[in-house]
Every structure is written in C-alpha cells, then in structure tokens.
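The values are calculated or read from the model by the stated rules, or taken from the named source; none is laboratory data. Treat the numbers as computed from the prediction; the structure is a model and nothing was measured. Every residue, glycine as well, gets a Cβ built from its backbone with ideal geometry; the counts of neighbours run over all protein chains shown.
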Amino acid sequence: MSHIQIKNLKKSYVDKRRVARSGKPDAASQEIVVLDDINLEFEEGEMVCILGPSGCGKSTMLRMIAGFDQPTSGEVLINGEPIDGPRADNIFVFQHSGLLPWMTVWENVELGLRHLEDKEEKDKTIQEYITMVELTGFEHHYPHQLSGGMQRRAELARAIAVNPDTLIMDEPFSGLDFLTHMKVREEVVNMHEYIKKTTLIVTHDIDDALIMGDRVIVMSGRPSHVKLEKKLNFGRPRDLARNHELSELREEIFFMLGISYAV
C-alpha cells in the first residue's frame, strides 16, 4: 500500500458574490471547480515535486493532504486511514516563515521536541538539527535577526525535529534571492537524503522540480487534473544542461504549461 493515496479528489467552491449578482438561488450553478478527479499515490520516503499554473489548486491539494482543508468529494488516505484533520506526523511548511517571532532559533526548534523529558537528549537533538541546516552560532538569534534564507532553514530544522512521517512544503523558496534559493534547495535535498521521509513540494520553478524530485507531477489549469506524472531515475546532484533526458523533459514541461520556449 502506498504511503499517501488520493482518490477521485474534487474540490469546488461557491462564489457567493456571483450568486448574489446573478440573482439565482441555485448556488450550484455558480460552483467553481478547482480540482477535478485527482488520483495520485505517493510512496514512503520519496520526494515529489508538484508543478502547475497559478490558481490550479496545487496548494489546495497540499492543504487537504495536511488536513487543513476537506475535499468536496473523494478522499485522501495516509497509511490507509482517511485524513480528517491536521496530524502531528504531517508537518506543513508554509510559503512564508512560520517561526514564532518571540522565540529564538533554539526555542523554535525545541517546540517540536516537547515530548522529550531528558534535557541532555533534547539539547543534543536540537543542536543536531540546527547544525544540519548550518545555523550553528545563530541558536540564540530571533527571527528578525536572520536573513530570509536563514529563517527558512530554521523553519526546516523545526519541522524535521518533530520526526514527521510526511513533510509538506508550499513554495519553500519563495521570496529568496537567487543564491539563497539555490542554497536552501541544496539543504532540502540533503535533508531528504538524511531523514528519508515522504516529502511533497509545490513549486513554480521547473528546474527545482527536476533537480530535486524523485517524481514530478504537472497539473493543468483550472479545473485542474494531472497532465503529467514522471519518475526521475537520476542520481543527485543533477546537471540539467548536461543531462539530455532532463533537458528534453524540461522543454516538454515548459510547453505543457503554455510557455513556448525554455529560458
């Protein structure tokens, strides 16, 4: 059985303003379908990158996997059990920093380890994850004292400290400058190699998906369905310029997303 199963998933909304303007009491006639008949499976320990145009429901799908939102129809199963709300073993890393501003890096990471009663073990574990994301020396800094990339790495350390079964990331590199983006991307790949947890990442960046993913999924425009599902049987690190298969796939995805050429 796959770790995560998405079966016949549909998500729709009713635009109440359109209903009011139309004067029609039948709200169903104003239904906006975001996701339509999505069927996907994610295996234990794989990293899957999800691409698609803005507004196609990528983040909505992640929120349903995380339990923050419910399908209109269909279901999401984790280890065969329906998701009916947020769970401690599914950690969602939001698009913008979710660090608590009144806590230091150390204290933010410690949040995920409140169950550990042995102080020596807890301190050792906190330091291990802070070191993993290369924030040694910044343990007692507050979020406002860190750069955007450092904040993102601190949030990753806090997320993996919980030792989740699933790590769900929505645009984890948004708002970062080019060099910081590349550095944090490298940290995410290294982290995945270390913790071997199921990792789902929504991104707009095709290169990110091809460099990071064990599998890439491309969604269509709204109402969204799966246009492409491709396993990437390539080792890491990956060089898109020198890998002919990845270069061709990159061109195909650009075309699929309505862009006539890859820059």
If you check Leu99 against the conditions, is it at negative phi and without any contact (Cβ under 8 Å) to a residue 40 or more places away in the chain? no
So which residues in region 106-122 are at pLDDT below 90 and either of a type in the set (Phe, Trp, Tyr) or over 24 Å from the mean Cα position of the chain (by Cα) (or both), if there are any at all? Arg114, His115, Leu116, Glu117, Asp118, Lys119, Glu120, Glu121, Lys122
Do we have any residue at all in region 251-261 that's buried (at least 16 other Cβ atoms within 10 Å of the Cβ), β-branched (Val, Ile, Thr) and assigned to a helix (DSSP H, G or I)? yes
Based on what the data block shows, is Ser59 out of contact with any Ser or Thr (no Cβ under 8 Å at 6 or more places or on another chain) and closer than 30 Å to Phe255 by Cα? yes
Cβ-Cβ under 6 Å pairs, at least 6 apart or on other chains, region 195-217 side under 20 Å from Ala66 (Cβ atoms), far side among the hydroxyl-bearing types (Ser, Thr, Tyr) and in a helix (DSSP H, G or I): Val202/Ser59
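Quick one: is His204 surrounded by fewer than 20 Cβ atoms within 10 Å (Cβ to Cβ) and under 14 Å from the mean Cα position of the chain (by Cα)?
So His204 fits the description; yes.
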With respect to Val184, is the statement that it is crowded, with 18+ Cβ neighbours inside 10 Å, in a helix (DSSP H, G or I), of a type outside the set (Ser, Thr, Tyr) and over 12 Å from the mean Cα position of the chain (by Cα) true? yes
Inside region 73-103, can you point out the residues that are of a type outside the set (A, V, I, L, M, F, W, C), at pLDDT 90 or above and surrounded by 15 or more Cβ atoms within 10 Å (Cβ to Cβ)? Gly74, Glu75
